[in-house]
Amino acid sequence: MSSLRPWRLLRSQIAFKHKWYTLRRDEVELSNGHRLDDYFVSERPDGAYVFPVTEQHEVLFVRQYKHAAGQVFLELPAGSFFPDQEDAQDAATRELLEETGAVLTQELVQLGVLYDNPAKDTSRIHLFLAQNVRVEQPQKLDLTEEIEVVRVPLPQVLPLVMQGKVCVSGSVALCFLALQKLGMA
C-alpha cells in the first residue's frame with residue numbers, strides 16, 4: 001500500500017482568466033507538512049484526438065503551423081472542447097470534419113484518456129480510433145487555421161513516429177494505441 005497522500009489545498013485564487021485559459025495560484029500544504037503559497041495551475045479545456053483510417057487504409061494526418069512552438073507540425077486531427085458543454089466523441093467527430101472534411105461511417109472507438117501535464121495543467125486528451133472514414137466535404141477551418149491534409153498509408157505511420165516526423169505528444173500516444181488496436185504494433 002502506498003503512503004503517498006494528496007496535497008491539501010489551503011487557498012486558491014485566479015491570477016488570470018480568459019475563455020481558453022485560466023491561471024490559478026494555489027496555496028498548498030504538501031504531505032510532508034511544507035507549505036507553498038505560489039503553486040500555479042493552468043486550467044485549460046480538454047482535447048479530442050482522432051486516428052482516422054480511410055477505406056483505402058490511409059491515415060488522415062494534418063500539417064499546420066503551431067505558433068507557440070513556431071513550427072509546422074504533422075499531427076492527427078485534434079481540437080479543444082469543454083467537457084461540461086460537449087461530449088468527447090462529439091468533439092472528436094467535429095474536429096475530424098472541420099480539419100479534414102471526413103465523416104464517420106461507423107462509431108468511434110475510444111482508446112484512452114490521458115493527462116497532458118498533470119503537474120501543472122488540468123487538461124486531458126481523449127483519444128479515438130475512426131475506421132473507414134470518407135472525405136466527403138470541404139474543410140471548415142477556423143480563422144486561425146491553415147491546414148493541409150496528408151494521407152499516410154497505414155504501414156508508414158509507425159516509421160514516421162519513430163523518425164520523429166510526428167512529434168506532438170497526443171498524436172504520438174494515439175498512433176501507438178491505434179496501431180496496437182489494429183494489430184500493427
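Can you check what the Kirkwood hydrodynamic radius comes to for segment 137-180, Cα pairs only, in Å to one decimal?
12.1 Å
What separates the Cα centres of segment 1-19 and segment 33-103 is a distance of 25 Å.
For the chain, lysine pairs with C-alpha atoms less than 26 angstrom apart, excluding pairs fewer than eight positions apart on the same chain, total 10. Across segment 1-59, Cα-Cα pairs more than 12 Å apart make up 75 percent of the total.
Site-free segments of the chain were taken between GluC sites (Glu not before Pro) in DSSP loops having at most 16 other Cβ atoms within 10 Å, sites themselves excluded; the longest one is 1-54.
Each Lys or Arg adds one and each Asp or Glu takes one away; over the other residues whose Cβ falls under 14 Å from the Cβ of VAL152, this sums to 0. Each residue of segment 105-115 is assigned a 3J(HN,Hα), and the resulting list reads 10, 8, 5, 5, 10, 7, 9, x, 10, 10, 8 Hz, derived from the Karplus form 6.51 cos²θ - 1.76 cosθ + 1.60 (θ = phi - 60°), x at Gly and Pro.
Against the chain, whose longest principal axis comes from its Cα atoms, helix 169-181 is set at around 60 degrees.
With N counted as the residues of the chain, its alpha-carbon radius of gyration over 2.2 N^0.38 Å works out to 1.18.
How much mean residue ellipticity at 222 nm does the chain get from its helices, if each DSSP H run of length 4 or more adds -39500 (n - 2.57) and you divide by all residues, to the nearest 500 deg cm²/dmol? Display every interim value, and only then the final one.
Numbers: 3 runs with 32 residues, N = 185.
Value at 222 nm, helices only, nearest 500: -5000 deg cm²/dmol.
The Cβ shell under 13 Å around LEU127 holds other residues with a net charge of -2, Lys and Arg each +1, Asp and Glu each -1.
Over segment 48-98, Cα pairs under 8 Å with separation of 6+ residues give a relative contact order of 38 percent. Of the solvent-accessible surface of the chain, computed with a 1.4 Å probe over protein heavy atoms with every protein chain present, carbon and sulfur atoms account for 51 percent.
The values are calculated or read from the model by the stated rules, or taken from the named source; none is laboratory data. Just so we're clear, the structure is a prediction, and the values are computed from it rather than from any experiment. With ideal geometry, Cβ positions are generated from the backbone for all residues, glycine too; neighbour counts draw on all protein chains shown. Heads up: the accessible areas ignore ligands, DNA and RNA and are worked out on the full protein's heavy atoms, side chains in. Shrake-Rupley method; radii C 1.70, N 1.55, O 1.52, S 1.80 Å.
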